[in-house]
Amino acid sequence: MNLNQISCVVTGAARGIGLALAQTLLKAHARVVLSDSDASALEASVAMLDHPAAVGFRADVTSASDMEALALAAAAHAGPVALWVNNAGLARHRAIKDYTPEEIDLMLAVNLKGTILGSQAALRAMVPVRRGHIINIISTASLRGIPGETVYCAAKWGVRGFTQGLREEAAPVGVRVTALLPGGVDTGFWQGATARPMPVEDFLSAQQVADAVVTLAQMDDSVVPQELVLRALRDRDFAQADV
C-alpha cells in the first residue's frame, strides 16, 4: 500500500508506540487521526506534532459509538480509512489472587473488547471500497502463559484468536488483517503495570515497533502479512539457555 495521503487511524496514540507510529506515518505522507481516551495528553501530542495532516480525536476504545465516530472523523479528515492500527492497551501485572474484579474488567475491556470494537468500526468503513488494512498490535504474551501476567495473557490470547478469525472474514472483501506481536517495549506502558523492575534497556524501542508497522502496511495489497513476532535481540524472556 502506498501510504501517500491515505487515511490512517491509530488508537492509543497520545504516547509510546502510538505516538511514534503517528510520527512515522506522517513522514510517509499519510494523513493520520490520532485517538486516545486521555484528552489532555492527546491534545499535547497533536500540538507537538504540529502537522497539517495530523488531527486528534478523543475516543474510548471500549465504546462502540466512540469507535464508529472515530471512523467517521477519519473519513472526514482524509477520505475512507485505508489503515487502522489497534494499538491501545494497558496492563496490571500481579498474582492472580491479588487482582480486583475492577482490574480484570478493565484489562479485558481495553485490550480485548477495545480491539474487537476498533476492528469492527474499521471493517465497516473498509468494506464499501473493498480495500484496507487492519493491524492489531498484540504482544508475545499471546504466545504462552506467564506467571504474574495471567489476565493480560488471557486478554492477548483472545485478541490473537479474534485476529485470526477476522483475517479470514475480511480477506474476501479485500481487507488485510495483520497481528504484530512485540516483546517488551521501552515505553510508559510499564508505569503502574508492575511493581517489579523491568529490564527496559534490553527492550524494543517504540520507534522500532512503529517502523515494523509501516513496513507491514507498505507491502503490496495482494500480500497478507499474517503475523509478525518482534523482539529485541537482548530480550531474554523466551531464552532457553545461554550459548
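Under 5 Å from the amide H of Ala30 lie the amide H atoms of Gln5, each residue being 5 or more positions distant or on a separate chain, with H modelled from the backbone and absent for Pro and chain starts.
To test your reading of the geometry: what angle, between 0 and 90 degrees and rounded to tens, separates the Cα axis of helix 114-126 from the longest principal axis of the chain? Helix 114-126 and the main axis of the chain meet at about 20 degrees. Distances between placed amide hydrogens fall under 5 Å for Thr178 paired with Ile134, Ile135, Asn136, all partners being 5 or more residues away or on another chain. To test your reading of the geometry: what angle, between 0 and 90 degrees and rounded to tens, separates the Cα axis of helix 150-170 from the longest principal axis of the chain? The two axes meet at around 30 degrees. Would you work out if segment 57-109 is rounded, prolate or oblate? Take a ≥ b ≥ c from the square roots of the eigenvalues of the alpha-carbon gyration tensor; rounded if a/c is under 1.5, else prolate when a/b is larger than b/c, oblate otherwise. Prolate.
Evaluate the relative contact order of the chain (contact order divided by residue number), counting alpha-carbon pairs under 8 angstrom at least 6 apart; express in whole percent.
20 percent
Across segment 94-106, computed HN-Hα scalar couplings (Karplus, 6.51 cos²θ - 1.76 cosθ + 1.60, θ = phi - 60°) run 6, 4, 4, 5, 9, 5, 8, x, 5, 5, 4, 4, 5 Hz from first to last residue, x flagging Gly and Pro.
Near Ser45, once Lys and Arg are set to +1 and Asp and Glu to -1 for all other residues with Cβ below 13 Å from its Cβ, the sum equals -2. The charge dipole of segment 47-155, taken about its Cα centre with unit charges on the Cβ of Lys, Arg, Asp and Glu (plus for the first two, minus for the last two), comes to roughly 380 debye. Against the chain, whose longest principal axis is taken from its Cα atoms, helix 39-49 shows a tilt of about 70°.
Near the amide H of Leu230, within less than 5 Å, lie the amide hydrogens of Leu181, Gly183, all on another chain or at least 5 residues away, with H placed in the peptide plane. Charges were assigned to the Cβ only: +1 to each Lys and Arg, -1 to each Asp and Glu. The resulting dipole of the chain about its Cα centre is roughly 340 debye.
Computed from the coordinates by the stated procedures, all read-outs in this text should not be read as laboratory data. Because the structure is predicted, anything quoted here is derived from the model rather than measured. Positions of Cβ are backbone-derived with ideal geometry, glycine not excepted, and every protein chain shown enters the neighbour counts.
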